[in-house]
């Protein structure tokens, strides 16, 4: 998998440029070997093949994999009764030697909050 390095230090424009470079390099098969090693975390999308949830296997030196399932309409309960909502199922696998359950839960909560407020 292509590795996007120091993503947290990039602003939106630089992040988009770095992603575009990796996407184009992967399509053209021109990525250097160094572009494919050293990931800390992986993002995976099994939803494109109809999956909802998965248990991705973390292989060191990675510490976590965040997977996204197929977006779909689901029945949710609310204060005014049931309603239909668009739901993106997420699965987070992580290495317990590096990450505690609390840290993983707070990370996943932050991801969900960010997705809920995205433009």
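The values are calculated or read from the model by the stated rules, or taken from the named source; none is laboratory data. Just so you know, these numbers come straight off a predicted model, no measurement behind them. Because the Cβ atoms are built from the backbone with ideal geometry, glycine has one as well, and the counts that use them run over all protein chains shown.
Couple of notes before you dig in:
- Of the set (1) without any contact (Cβ under 8 Å) to a residue 12 or more places away in the chain; (2) at negative phi; (3) exposed (fewer than 10 other Cβ atoms within 10 Å of the Cβ), all apply to residue 86 but (1).
- Positions within the stretch 30-52 being surrounded by 12 or more Cβ atoms within 10 Å (Cβ to Cβ) and in a loop (DSSP other than H, G, I, E, B), in sequence order: 31, 39, 40, 46, 51, 52
- Which numbered condition residue 71 misses (of (1) surrounded by 16 or more Cβ atoms within 10 Å (Cβ to Cβ); (2) assigned by TED's automatic domain parsing to the domain that holds residue 113; (3) in contact with a helix residue (DSSP H, G or I) (Cβ under 9 Å, 6 or more places away or on another chain); (4) free of Cβ contacts under 8 Å to residues at least 40 places away in the same chain): (1)
- Inspection of the stretch 90-97 finds a residue satisfying the criterion of being in a loop (DSSP other than H, G, I, E, B), in contact (Cβ under 8 Å) with a residue 24 or more places away in the chain, surrounded by fewer than 16 Cβ atoms within 10 Å (Cβ to Cβ) and not assigned by TED's automatic domain parsing to the domain that holds residue 7.
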